[in-house]
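A quick write-up on the structure given underneath.
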Amino acid sequence: MILPTETAPATPTPLALDLIRKYSIPGPRYTSYPPATQFTAKLAPLGLEDAILRDNGRRGAAGDPTEGGPVSLYFHLPFCESRCWFCGCNTVITRRREAATEYLDDLEREVALTAELMDLLRPVTQVHFGGGTPTFLPPDELRRLGALINKYFRLTPDCEFSVEIDPRRLTREHVLALREIGANRASLGVQDTNPQVQLAIHRVQPQQMNEQAFAWLREAGFGSINVDLIYGLPLQTASSFAQTIDDVLALKPDRLSVFSYAHVPWIKPAQRIFEDRKQLPGPEDKLAMFAIAHEKLTGAGFVDIGLDHFARPDDALAVSQRAGTLHRNFQGYSTAADASLYGFGISSISSTPDTYRQNFKTMAEWRAALDAGKLPVERGLRLTPEDVCRRTIIMRLMCDRRLDFAALTRTLGVNFATTYAAELANLADLQTDGLIQLTKSALVVKPAGVPLLRVIAMRFDAHFVAAAKRHAATI
Ligand code: SF4
């Protein structure tokens with residue numbers, strides 16, 4: 001067994017499977033509140049350009065009147081050489097490298113347009129390259145993107161700069177180029193190490209590739225490496241997935257994300273092949289896989305951060321959770337406190353304190369907007385004061401696993417217990433079943449409730465409609 005620290009072995013945390021069976025229903029992942037399903041295409045009333053100007057007026061967390069609030073940058077790099085049949089991301093499948101060069105030309109136009117509105121002196125505390133496959137870009141194009149970022153933005157010395165990595169499309173030169181432009185964290189897509197499963201999902205990735213990627217990243221000084229796994233894929237079993245966990249633990253990652261496969265063939269037609277071949281595991285098999293992953297990871301000393309995320313106790317994510325400073329944004333859990341998010345590239349999402357906006361998902365529409373000199377925004381949302389309050393409640397629940405009523409009363413400016421009395425009364429069944437502990441001053445999520453954080457959060461979600469097809473199942 002691989003231990004994240006040199007201390008005594010941790011005790012695995014057992015899951016309350018009956019309660020998961022009872023309460024697991026389709027629901028949002030709360031990377032935002034309201035969730036992206038609530039965004040609207042009627043943009044004019046939202047005043048999105050004004051939102052950037054209003055956002056410029058935000059002050060830093062320390063209240064320094066000379067410094068604007070922190071900024072997080074996201075770049076969506078959508079290209080992949082081949083399609084993994086399970087994939088739910090917004091991708092462009094091509095082997096034409098010039099596509100990356102053309103895309104960077106357009107990204108440059110989008111950054112310049114946005115920069116005209118932004119206060120560029122605000123500190124950038126987080127950068128994320130997502131995709132797609134960011135390393136589809138050749139090393140020199142990655143350097144070009146780094147130069148573009150540095151031309152416009154002011155990255156803080158401790159900026160958390162992360163990149164999604166596909167070990168199949170990685171060279172040492174990519175790693176060196178990424179490090180050169182400031183990247184210091186990586187997230188590796190592994191999904192499953194079993195060769196049969198890999199064939200079934202159209203993603204052949206021998207373990208040696210994962211080992212090589214880790215070696216290059218560690219050698220270059222990447223501080224925190226995450227591994228993404230998915231359970232519920234074709235041909236997976238509890239025992240094959242247990243082996244995958246062991247293989248991945250042998251790589252000594254700092255964090256793991258263990259996602260439930262989202263089967264949405266009406267949105268992603270490539271997934272139909274799994275139904276045609278009758279290869280998908282059933283709900284009970286899926287639950288067994290999640291249980292074994294949870295047991296092995298907590299047994300190996302990883303902290304269950306919540307919502308599919310596990311981290312070494314000394315990783316920034318776990319440290320931040322203990323300190324009560326964890327946040328959640330469109331990339332999942334984050335240590336970048338209270339940053340406004342500026343996304344670039346097709347389908348990317350941005351957020352200011354009272355708005356969300358999402359770019360066009362197709363290259364043609366995104367380019368057409370840039371050609372017209374407009375921000376390439378397709379959908380968005382202006383939050384009401386009520387949305388802002390509920391977002392705070394849901395985010396604190398997801399990050400801290402507790403709600404401190406006095407602290408919320410101070411933050412929201414309303415008496416939390418009386419304003420949300422109906423929601424609190426609606427938690428009685430969760431209290432009876434031991435998922436939460438509710439007192440006059442706090443709501444505390446008990447260990448049995450951690451895998452059901454989304455379900456608990458849904459009780460505070462005024463927009464939630466349990467339309468089974470709109471969201472993936474919570475487990
Ligand atoms: S490489 Fe990643 S983004 Fe591309 S198709 Fe596969 S899973 Fe999706």
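The values are calculated or read from the model by the stated rules, or taken from the named source; none is laboratory data. As the structure is a prediction and not an experimental result, all values here were calculated from the model. Using ideal geometry, Cβ is built from the backbone for each residue, glycine included, and neighbour counts are taken over all protein chains shown.
Remarks
- For the range 258-277, the set of residues classified as farther than 16 Å from Asp192 by Cβ and part of a helix (DSSP H, G or I) consists of Pro269, Ala270, Arg272, Ile273, Glu275, Asp276, listed by residue number.
- Subset of the range 93-111 [among the β-branched types (Val, Ile, Thr) and closer than 20 Å to Asp140 by Cβ]: Thr94, Thr101, Val111
- Qualifying residue in the range 51-70 (condition: surrounded by 14 or more Cβ atoms within 10 Å (Cβ to Cβ) and within 16 Å of the ligand (Cβ to nearest atom)): no
- Among the residues making up the range 148-198, a single one is within 14 Å of the ligand (Cβ to nearest atom), of a type in the set (Asp, Glu) and under 21 Å from Ser72 (Cα atoms): Glu164.
- Test: residue in the range 237-255 that is basic (Lys, Arg), in the same structural domain as Glu164 (by TED's automatic domain parsing) and part of a helix (DSSP H, G or I): no
- Ile225 falls short on exactly one of the conditions (1) touching a strand residue (DSSP E or B) at 6+ places or on another chain (Cβ under 9 Å); (2) within 16 Å of the ligand (Cβ to nearest atom), and that condition is (2).
- Where Thr94 falls short, out of the listed (1) within 16 Å of the ligand (Cβ to nearest atom); (2) crowded, with 22+ Cβ neighbours inside 10 Å; (3) polar (S, T, N, Q): (2)
- Any hit, the range 40-63, residues being among the hydrophobic types (A, V, I, L, M, F, W, C), within 21 Å of Gly332 (Cβ to Cβ) and modelled with pLDDT of 75 or more: no
- Residues satisfying the stated conditions in the range 80-89, i.e. near the ligand (Cβ under 8 Å from one of its atoms) and hydrophobic (A, V, I, L, M, F, W, C): Cys80, Cys84, Phe86, Cys87, Cys89
- Meeting the requirement of 3 or more residues that are not hydrophobic (A, V, I, L, M, F, W, C), the helices (runs of 4 or more DSSP H) wholly within the range 355-435 are 363-371, 385-400, 405-412, 428-432.
- Residue within the range 111-129 that is in contact with a His (Cβ under 9 Å, 6 or more places away or on another chain), more than 26 Å from Gly232 (Cβ to Cβ) and either within 14 Å of the ligand (Cβ to nearest atom) or modelled with pLDDT of 95 or more (or both) present: yes
- The residue that is farthest from the chain's Cα centre (by Cα), counting only those in the range 130-147 that are in a helix (DSSP H, G or I) and within 16 Å of the ligand (Cβ to nearest atom), is Phe136.
- Going through (1) free of Cβ contacts under 8 Å to residues at least 60 places away in the same chain; (2) within 18 Å of Ile165 (Cα to Cα); (3) in a loop (DSSP other than H, G, I, E, B) one by one, Arg218 falls short only on (3).
- Condition check for Ser187: more than 30 Å from Thr237 (Cβ to Cβ) and touching a strand residue (DSSP E or B) at 6+ places or on another chain (Cβ under 9 Å): no
- Flag for Arg218 being at pLDDT 95 or above and either farther than 29 Å from Pro26 by Cα or not assigned by TED's automatic domain parsing to the domain that holds Cys87 (or both): yes
- Among the candidates Gln243, Gln205, Gln271, Gln236, residue that is at negative phi and surrounded by fewer than 19 Cβ atoms within 10 Å (Cβ to Cβ): Gln243
- Close Cβ contacts (under 9 Å, 6 or more residues apart or on different chains) running from residues in the range 386-403 that are of a type in the set (S, T, N, Q) to residues that are surrounded by 21 or more Cβ atoms within 10 Å (Cβ to Cβ) comprise Thr392/Tyr33; Thr392/Leu408.
- All positions within the range 172-184 that are touching a residue at least 40 places away in the same chain (Cβ under 8 Å) and surrounded by fewer than 22 Cβ atoms within 10 Å (Cβ to Cβ): Arg172, Leu176, Arg179, Gly182, Asn184
- Condition check for Tyr33: aromatic (Phe, Trp, Tyr), farther than 30 Å from Asp276 by Cβ, within 16 Å of the ligand (Cβ to nearest atom) and in contact (Cβ under 8 Å) with a residue 24 or more places away in the chain: no
- Test for Thr362: is it in contact with a helix residue (DSSP H, G or I) (Cβ under 9 Å, 6 or more places away or on another chain) and β-branched (Val, Ile, Thr): no
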